[in-house]
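Here is the structure we will look at.
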Amino acid sequence: MWENIKDFASTFFVTGDPLIYGADVSIVLSMIAIVFVLTKYKKWVWLWREWLTTVDHKRIGIMYLIASLLMLFRGGVDALLMRLQLAFPNVEFLHSDHYNAIFTTHGTIMILFMAMPMMFALFNMVVPLQLGARDVAYPFLNALSFWLFMLGAMLFNLSFVIGGSPDAGWLSYPPLSQNEFSPGPGQNFYIWGIQISGIGSLATGINFIVTILKMRAPGMKLSKMPLFSWSVLSSCIMIIFAFPILTVTLALLFLDRFAGAHFFTMDGGGNPMMYLNLIWMWGHPEVYIVVVPAFGIFSEIVATFSRKKIFGYKSMVWAMMIIAVVSFFTWAHHFFTMGTSASVISFFAISTMVVGIPTGVKVFNWLFTMYRGRISFKQPMLWTIAFIPCFVIGGATGVMLAVAPADYQYHNSYFLVAHFHQVLIGGVVFGYLAGIYYWWPKLFGFKLDEKLGKWGFWFWNIGFYVCFMPQYALGFMGMTRRYYTYGWDRGWADMNLVSTVGAFMMGIGFIFQVWQIAYSIKNGERDTTGDPWNGRTLEWSIPSPAPFYNFAVVPQVKEMDDWWATKEAKANGTYKEQPAKLEPIHMPKNSGIPFIMANFWFLVGFGFTFGWVWMAVIGFIGVFACMWARSFQYDTDYYVPVEEVRRTEASLGRVV
Ligand code: HEM
Ligand SMILES: [Cu+2]
């Protein structure tokens, strides 16, 4: 009996590596600390009522934000471990297997569990406020999306200490990811972690499309909608077309592994190339899904901090929509070298280059907006300005990669690694950080400290170039990606050392940012106006932090940048006060079902990961029970009385 338990434990828990024992200990300690604090300060009920069951888009946004910052930390530690290993030749503090696991979890976490939730954080924090809405179209579904994401991410991260991490690369190509070459639960963790959170992402896509199309304040025609909301629309359209492909692809891969099917096997009629095509039909749009909202953020920030209307509004909208469409026709550029006909290759080479055109249009629009503007270099603007050259270089190297014959040289080299980090960090991360700095006061009621933030900014920025510029050269020098160590004879030592120094500079930048948040919670400049940046769009017309119902009175929109127009009219004395009549506000009720249902999904995933069908069955029964319960719940909304609205507004310094 004891032997059996020992046997089981030694395969169930990941053992043998001091790093992992360290993680085990810190996970257990932090759990104990959390339980202790919650109990000591009697916060369990508060946690349940205010957070775990909330359907308020702002709170959901904040939870996404916290989760994504934690994941940025985890993915960042992975990155630093890899860079540490590569700093010098012949270092083997990570074994080859462990290195494989680390680049796999780094890539997967950064894209699916860092970039995606940070993007959803911004969607949730901003879109309803910008549209003049009281919440998203389906608040319950929104909470469900969040919890599906969260439990999927937890499942994926659990592989670090239980069962073993996936190690077949961030896209898990077969045949490597098949049972034959990756037995053990790692690949299953990958499949189910992504699968569960992916369902949440798809639902978020639907939710925000409906919100944008149906919930805009009266008078806000699509042609007057702020550009960030447009970018969200573009991104969500891509989500609803791309994510089902991912779901199906992973489901088929799972059938191969679990049920011995032959969709992507080398024999039995299967074809691994099919997987590559499918996964990139999702994967390429995916990178645009995460970058287009960053374009929206930059558009808002450039206009606000140049004190000018955005240049070329219509062309911006067209550019984002064209990107959404073209992004579905470029996927094969990820495997030019795998041998197809010249005509297929030329099609994908040209379509890839075509994406550069709308993107270029946008860059010029931002520059023209800044031209002769009165620019103020606050944190959001700094990140925006840093983004432009960074993204332009990343885009240019992307076009270099799109030149198919030349790609035979660059393919899977460090040139590629440098390229995609340049667009992902310079575009996505810089963009989201800019957005977080920009909208932070609206959510939290105070600004983030400028001085600490600027330290963080410079460390990130200089660190970025120090880290990734040498990698372009390393690519030309023949260093391929996913290399776990190399010898002195290669001549790669100097460049790699420089690159590692840069990576650690970015790490220091991140520490400054965490410090900045901690410092600003206490000492940050309070925002009493609700409009700390002299903004242009509706979210700046309400107090900060935004009250739970957002708008005491639903705004009537007349112009593009309506809030700016209102302020101008007030300054000119042409503003006509509209008598604001308070009415009871219709709001959704909190619900525990999303949280509970996502936990059942977790059971499903965990059960399938270890092949314990009984557990998956219990999970499915729970999922259906939750759906059942929800279907017969009729008491899902309530009205906030006028008196309460008046009181809340008064406590925020507004008279209505
Ligand atoms: C913070 C600075 C970062 C550093 C220092 C860094 C470093 C690295 C390193 C060393 C690799 C492995 C390269 C190889 O051996 O082939 C890698 C791979 C990767 N990184 Fe990063 N990274 C960073 C941030 C990011 C971000 C923000 C994202 C996405 C949003 C990202 C996405 C990826 C992906 C998708 C891979 C490929 C994984 C694979 O080969 O399967 N990284 N990164
Ligand atoms: Cu691509």
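Using the alpha-carbon centroid of each, what span in Å lies between the stretch 76-94 and the stretch 249-290?
30 Å
What Kirkwood Rh does the stretch 1-41 have if only Cα atoms enter the pairwise 1/r average? Answer in Å. Walk me through the intermediate numbers first.
Working: mean 1/r = 0.0825 Å⁻¹.
Averaging 1/r across every pair of different Cα atoms and inverting gives 12.1 Å.
Hey, what angle do you get for helix 593-610 against the long axis of the chain, alpha-carbon based, 0 to 90 degrees rounded to 10?
10 degrees
With charges only on Cβ, +1 for K and R and -1 for D and E, what is the dipole size of the chain about its Cα centre, in debye, rounded to 20? Please list the in-between numbers first.
On the way: 43 positive and 36 negative charges, 476 e Å.
Dipole size: approximately 2280 debye.
What residues qualify as long-range amide H neighbours of residue 446, i.e. H under 5 Å apart, gap of 5 or more or another chain, H built at 1.01 Å from N?
527
Could you tell me how many degrees, from 0 to 90 and to the nearest 10, lie between the Cα long axis of helix 227-259 and the main elongation axis, the longest principal axis, of the Cα atoms of the chain?
Here the helix axis deviates by roughly 30 degrees.
Measuring with a 1.4 Å probe in the full set of protein chains, what accessible area per residue, in whole Å², belongs to the chain?
The answer is 42 Å² per residue.
What does the helix-only formula give at 222 nm for the chain: each DSSP H stretch with n ≥ 4 adding -39500 (n - 2.57), the total divided by the residues, and the result rounded to the nearest 500 deg cm²/dmol? Mind showing how you got there, number by number?
Details: 21 runs with 425 residues, N = 656.
Roughly -22500 deg cm²/dmol at 222 nm, from the helical runs in the chain.
Hey, what do the phi angles of the stretch 193-206 turn into as Karplus ³J(HN,Hα) couplings, whole Hz, using 6.51/-1.76/1.60 and θ = phi - 60°, x for Gly and Pro?
x, 6, 4, 5, 5, x, 4, x, 5, 4, 5, 5, x, 4
Would you be so kind as to identify which of 398, 326, 363 lies farthest towards the positive end of the dipole of the stretch 289-410, taking Lys and Arg as +1 and Asp and Glu as -1 on Cβ and the Cα centre as origin?
It is 363, whose Cα lies furthest towards the positive end.
Under 5 Å between amide H atoms, partner at least 5 residues away or on a different chain: which partners does residue 585 have, H built in plane at 1.01 Å?
When sequence neighbours closer than 5 places are left aside, the close amide H contacts are 640.
By a straight-distance test (C-alpha under 20 Å), which aspartates and glutamates pair with residue 214 as possible cross-link partners, with residues fewer than eight away in the same chain excluded?
56, 135, 539, 559, 561, 562, 637
Hey, any idea what Rg/Rh is for the chain, computing Rh the Kirkwood way over Cα pairs?
Rg divided by Rh gives 0.96.
Can you list the GluC sites (Glu not before Pro) in the stretch 569-656 that are in a DSSP coil and have 11 or fewer other beta carbons within 10 angstrom?
Values: sites: 577, 643, 644, 649; in loops: 577.
Those that pass, being in a loop and sparsely packed, are 577.
Can you return the lysines within cross-link range of residue 567? Criterion is Cα-Cα under 23 Å, with same-chain partners fewer than 8 residues away left out.
Result set, ordered by chain and number: 221, 224, 308, 309, 378, 442, 447, 558, 576, 581.
Using the eigenvalues of the Cα gyration tensor, what equivalent ellipsoid semi-axes result for the stretch 333-384 when each is taken as the square root of five times the eigenvalue, whole Å, largest first? Walk me through the numbers before you get to the answer.
Numbers: eigenvalues 301, 33, 3 Å².
Three semi-axes, in Å: 39, 13, 4.
Considering only protein heavy atoms and a probe of 1.4 Å, how much of the accessible area of the stretch 529-589 is carbon and sulfur, as a whole percent? Could the numbers behind the result be given before it?
Details: 1620 of 3020 Å².
Answer for the stretch 529-589: carbon and sulfur cover 54 percent of the accessible area.
One quarter of the convex hull surface, Cα atoms only: what value does that give for the stretch 170-210 in nm²?
Details: hull surface 12.8 nm².
So the mean shadow area of the Cα hull is 3.2 nm².
Amide H of residue 162 versus every other amide H placed in the peptide plane: which residues, excluding those fewer than 5 positions away on the same chain, fall under 5 Å?
So residue 162 has HN proximity to 14.
Not counting the cut sites, what is the longest span of the chain without chymotrypsin sites (Phe, Trp or Tyr not before Pro) that DSSP labels loop and that have at most 12 other Cβ atoms within 10 Å?
Longest site-free region, per DSSP loop and neighbour criteria: 378-631.
Over all alpha-carbon pairs of the stretch 370-505, lay out the pair-distance distribution in 5 Å bins, whole %, shortest bin first.
2, 10, 17, 19, 16, 13, 9, 7, 5, 2, 1, 0
Could you give the angle, 0 to 90 degrees to the nearest 10, between helix 562-572's Cα long axis and the longest principal axis of the Cα atoms of the chain?
Long axis of 562-572 versus the principal axis of the chain: about 30 degrees.
Pull up the cross-link candidates among the lysines for residue 43, meaning alpha carbon to alpha carbon under 23 Å and not fewer than 8 places away within one chain.
The reachable lysines, counting only those whose Cα sits under 23 Å from residue 43, are 58, 522, 589.
Could you give me the ³J(HN,Hα) list for the stretch 365-381, computed from phi with Karplus coefficients 6.51, -1.76, 1.60 and θ = phi - 60°, whole Hz, x at Gly and Pro?
4, 5, 5, 5, 5, 6, 4, 6, x, 8, 7, 10, 8, 7, 3, x, 6
Within the stretch 1-41, what whole-number % of the accessible surface is contributed by carbon and sulfur, with the 1.4 Å probe and all protein chains included in the calculation? Each step should come with its number before you reach the end.
On the way: 2550 of 3330 Å².
Within the stretch 1-41, the accessible surface is 77 percent carbon and sulfur.
The values are calculated or read from the model by the stated rules, or taken from the named source; none is laboratory data. Worth saying up front: this structure is predicted, and the values here are computed from it rather than measured. Note: ideal-geometry Cβ built from the backbone for every residue, glycine included; neighbour counts use all protein chains shown. Accessible surface areas use protein heavy atoms only, side chains included; no ligands, DNA or RNA. Shrake-Rupley method; radii C 1.70, N 1.55, O 1.52, S 1.80 Å.
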